[in-house]
Amino acid sequence: MSRYQGIVALDGQGLEEAAQQYFRQSEQIPTRVRLATGRVSLAASSNGADVMWRAGGLLAQFMPTSPERQRRADLHPGDAPEGVSIFDQIDDESWVEARALVETIEDHELIDPTLSSEALLYRLFHENGVRVFDEEPVRAQCRCSRDRILSMLKGFSPQQRTEMMADDGMIGVTCDFCSKRYVIAPHDIEALSSPEGVQSV
């Protein structure tokens, strides 16, 4: 029941590879990510430009429906003794097929303004059937807030808070996720009625 936070290094030669590495090491769910960016010529655009930059992507993820299909191949043991057979886990057939279909996507398909997401999905997966859910708007949103920062700071001792103060007597906190900067006056922390414990922001 304890809260925890895991951090996985973003390794790889690009954002696509780094995203796959993240899912492999943090989420531990078989995932295939395809990303593309490029300049696209437009016949007529609202801002009068003939060419604009576009980006597109597709994320395919293994969604097991039974414990048997959830099994994944173990890592190779390294230098196993000679004569010892290494068990080779066979990937789920549906996942192998979906991954192979995702590999057929070309960059121009992901950034083509005339090709809708629904049409691309149908083009790839029509033999198995495609179900499209209502779209949800994407927005930058972080759970940090001034109240959460105050509650977190209340968990520190007065001496620790004094050590955090800058020359102007204020405490500065920057959220590591959204980079929003908070400047807190010590009397605002003391004004809290009761400590709520340390919370991550």
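Read-outs throughout are calculated quantities, based only on the coordinates presented, and are distinct from any laboratory measurement. Just so it is clear, the model here is predicted, and its values are computed rather than measured. Methodologically, a virtual Cβ is constructed for each residue, glycine included, from the backbone with ideal geometry; neighbour enumeration extends over all protein chains shown.
For the reader, a short list of remarks on this structure follows.
- Binning the alpha carbon pair distances of region 146-190 at 10 angstrom intervals from zero yields the distribution 27, 60, 13, expressed in whole percent.
- E17-R139 pseudo-label distance in nm [points 7 Å out on the Cα-to-Cβ vector]: 3.6
- Per-residue HN-Hα couplings for region 162-176 [Karplus 6.51, -1.76, 1.60; θ = phi - 60°; Hz; x = Gly/Pro]: 5, 5, 7, 5, 7, 4, 7, x, 9, 10, x, 10, 10, 5, 6
- Measuring r between the beta carbons of S94 and S179 and using R0 = 35 Å, the FRET efficiency lands at 0.30.
- Each of D167, D176, D112 has some number of other Cβ atoms within 10 Å of its Cβ, and from fewest to most they run D167, D176, D112.
- Whole-Hz Karplus values for region 110-122 come out as 6, 10, 5, x, 8, 10, 6, 4, 4, 5, 5, 4, 5 Hz, taken residue by residue from phi with 6.51 cos²θ - 1.76 cosθ + 1.60 and θ = phi - 60°; glycine and proline positions read x.
- With a Förster radius of 22 Å applied to the C-beta separation of L101 and R39, the computed FRET efficiency comes to 0.25.
- With the simple model of a label 7 Å out from the Cα in the direction of the Cβ, I29 to M52 spans 3.2 nm.
- For the pair L59 and D147, a Förster radius of 45 Å applied to the C-beta separation gives a FRET efficiency near 0.85, rounded to the nearest 0.05.
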